[in-house]
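FYI, it's all coordinate maths here, none of it is from the lab. The shown structure was predicted, so the numbers you read here are calculated from the model rather than taken from an experiment. Because the Cβ atoms are built from the backbone with ideal geometry, glycine has one as well, and the counts that use them run over all protein chains shown.
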Amino acid sequence: MMFTLDKKNTGVLIIDVQEKVFRAVERSMDILHTIQLLIAGVKLLSLPIYLSEQYPEGLGTTIEGIRNILPNNVTPLSKKSFSCWKNQGIRDAIIKSSIKQWILVGLETHVCVLQTAKDLKMNGFDVVVLNDAVSSRSLFDFSTAISEMKDGGIRVSCTETVLFELFETSETANFKALSELLK
């Protein structure tokens, strides 16, 4: 089902961009740059951002390049389940937020991102995964997960597309700032 993101009802979930995993994934620096762009863009719109960390005691915390640009009110939500939805604390935060549309980015595409996307979709949320802001250790795992998401009715898009969709028009406040980010 196709849908258009509504900035009044959209949140971002950054999944497990942690030190030990980040070093091992394909295109890691491209992914970092793209997630930073997304964060900067959604901050211009004051969209809520949530952050998960998979077993931080073993995999480390969120990488500094993301942690340092997040709004002060974003605190990592620790989990051991692969799907964010299957972690009680994260599920409660999602439900409490009343957000119905979720932009997902992070690691790894074929495990935590895929399972979270499927669970959110199955529980009635609109989900868009940004293929330029997710990665896996293997390109084959990444591409298989993207294909599975599409087959399952999960929207797959890219960062610039969703930012322009959320801004809607060049007459929007802060659009000039977005244009500067994209240069």
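Given Cα pairs under 8 Å that are at least 6 residues apart, what percent is the relative contact order of region 7-182?
28 percent
Say the dipole of region 31-132 comes from +1 at the beta carbon of Lys and Arg and -1 at that of Asp and Glu; which of 32, 114, 99 then lies farthest toward its positive end?
99
Near residue 99, within a Cβ-to-Cβ distance under 12 Å, what is the net charge of the other residues, with Lys and Arg +1 and Asp and Glu -1?
Details: positive: 7, 8, 96, 100; negative: 6, 126.
Overall, the nearby charge balance is +2.
Put +1 on the Cβ of each Lys and Arg and -1 on the Cβ of each Asp and Glu in the chain; which of 144, 63, 81 then has its Cα farthest toward the positive end of the dipole?
Among 144, 63, 81, the one farthest towards the positive end of the dipole of the chain is 81.
Determine by what factor the alpha-carbon radius of gyration of region 21-113 differs from 2.2 N^0.38 Å, reporting the quotient.
This ratio for region 21-113 stands at 1.06.
Counting other beta carbons within 10 Å of each Cβ, put 112, 84 in order, fewest first.
112, 84
Per DSSP helix of 4 or more residues, -39500 (n - 2.57); summed, then divided by the residues of the chain. What does that give at 222 nm, rounded to the nearest 500?
Details: 9 runs with 78 residues, N = 183.
-12000 deg cm²/dmol, from helical runs alone.
If I model a spin label at residue 177 and residue 86 as a point 7 Å from the Cα along the Cα→Cβ vector, what separation in nanometres do I get?
Output for this residue pair reads 3.9 nm.
Kindly put 169, 144, 159, 4 in sequence by how many other C-beta atoms sit within 10 Å of each C-beta, fewest to most.
169, 4, 144, 159
Hey, got a sec? Which trypsin sites (Lys or Arg not before Pro) in region 19-59 land in a DSSP loop and have at most 16 other Cβ atoms within 10 Å? All intermediate terms of the calculation are to be shown ahead of the outcome.
Values: sites: 20, 23, 27, 43; in loops: 23, 27.
Loop-located and lightly packed - 23, 27.
Take the Cα pairs of region 70-115, get the Kirkwood Rh, then feed it into Stokes-Einstein at 10 °C and 1.306 mPa s and tell me D in µm²/s.
Working: Rh = 11.7 Å.
Calculated translational D: 136 µm²/s.
Treating only the Cβ atoms of Lys and Arg (+1) and Asp and Glu (-1) as charged, compute the dipole magnitude of region 34-183 about its Cα centre; round to the nearest 20 debye.
340 debye
Select from region 1-87 those GluC sites (Glu not before Pro) which occupy a DSSP coil region and have at most 12 other Cβ atoms within 10 Å, ordered by residue number.
Here no loop site has a sparse enough neighbourhood.
Report the full-extension gain for the segment residue 139 to residue 20: residue separation times 0.36 nm, less the Cα-Cα distance, to one decimal in nm.
41.0 nm
Provide the descending list of Cα extents for region 88-159 along its principal axes, expressed in whole angstroms.
35, 22, 21
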